[in-house]
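These notes concern the structure reproduced below.
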Amino acid sequence: MVTRPRRTRSAARTAEPLSPHPVELAGLLHELTARLLSADSFTQALERLAVFAAGGVPGAVRCSIVLIGEGGPLTHTGYGLPGAAVDEIQYAAGTTGPGLESARTRSMVTAPDLATDARWPELAEAAATEGIHAVVAIPLDLPRAEVGALTLYFDTPNAPGADHLLTAMALANQSELLLDELRRRDARSAGAAVDRAIGVIIAQRGCGVQEAYDILRDTAQRLGLDRHAVADRLIAVAARNA
């Protein structure tokens, strides 16, 4: 009788794959795509992404997303209570932290233990209080004049492992494509709303196209609103009065 040698724990660990199973990863990306593309707005898509990434990467206790546009205030959303105070400090000032560094350098930023990381001493106390240790921030590059980062917080040092990091990177890369598509969708919708509003102004005032555009622009400036917001209001009023 031939006795098979026992496989030691170290051998078992060596045999474990260092990357997520392709089928599992494909399913995860498919679900992410469905959730984001079915969102009613870009803001809702960001919120869904934060929830999904926090639950989709093992060990993560919070996902934080920041986007920085040209000349405008940063956009931030997050999911998960541990790490919320770290985000509040980082994004309130808008000057320092792993998420902002990743967004501005367009490179991945890691912190094996944020509570002792000398790069961001202003975040250390909040990280220690909330039990946050490891952080990984992955850049998000949206072609429509926005850069950002998807940041994951972990309550254990030196996380995530190589396999979970690959999962996080795959989610971030897929999110870039999806968020850019949602931005294009919003732009098309906004353009259609402006065109409809111009038609309403022409019908109401009997003016030409250029004059209608001038009226919409002047109204937006007077109200301190974006012209797309004014267009939506004009369309809504016209629909009620129809």
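The values are calculated or read from the model by the stated rules, or taken from the named source; none is laboratory data. Since we're looking at a predicted model, the values are computed, not measured. Glycine gets a Cβ as well: all are built from the backbone with ideal geometry, and neighbour counts include every protein chain shown. Protein only, heavy atoms only, side chains kept; ligands, DNA and RNA dropped before computing areas. Shrake-Rupley method; radii C 1.70, N 1.55, O 1.52, S 1.80 Å.
The table below gives the values:
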{"quantity": "Amide H within-cut-off set for ARG62, under 5 Å, with H built and near neighbours excluded", "calculated": "TYR153"}
{"quantity": "Protection proxy ranking, peptides 158-166, 97-105, 32-40, average beta carbon neighbours within 10 Å, highest first", "calculated": "97-105, 158-166, 32-40"}
{"quantity": "For GLY80, net neighbour charge (Lys/Arg +1, Asp/Glu -1) across residues whose Cβ lies under 15 Å away", "calculated": "-3"}
{"quantity": "Anisotropy class of the range 32-150 from Cα gyration tensor, a/c 1.5 cut", "calculated": "oblate"}
{"quantity": "Stokes-Einstein D (µm²/s) once Rh is taken as the Kirkwood radius of the range 152-242 over alpha-carbon pairs, at 4 °C in 1.567 mPa s", "calculated": "79"}
{"quantity": "Separation of alpha-carbon centers, the range 169-234 and the range 99-150, rounded to whole Å", "calculated": "34"}
{"quantity": "With every protein chain in place, the chain: carbon and sulfur % of accessible area (1.4 Å)", "calculated": "54"}
{"quantity": "Within-14-Å neighbourhood charge of ASN173 [Cβ basis; K, R +1; D, E -1]", "calculated": "-3"}
{"quantity": "Probe 1.4 Å, protein heavy atoms only - accessible area per residue of the chain in square angstrom", "calculated": "56"}
{"quantity": "Listed candidates (i) 17.5; (ii) 20.9; (iii) 18.7 - label of the one calculated as mean projected area of the Cα convex hull in nm²", "calculated": "(iii)"}
{"quantity": "Net dipole in debye of the range 143-203 [+1 Lys, Arg Cβ; -1 Asp, Glu Cβ; about Cα centre; nearest 20]", "calculated": "380"}
{"quantity": "Value at 222 nm in deg cm²/dmol, rounded to 500, when DSSP H runs of n ≥ 4 in the chain each add -39,500 (n - 2.57)", "calculated": "-19000 deg cm²/dmol"}
{"quantity": "Amide proton proximity set for THR156, modelled H, under 5 Å, gap of 5+", "calculated": "HIS133, ALA134"}
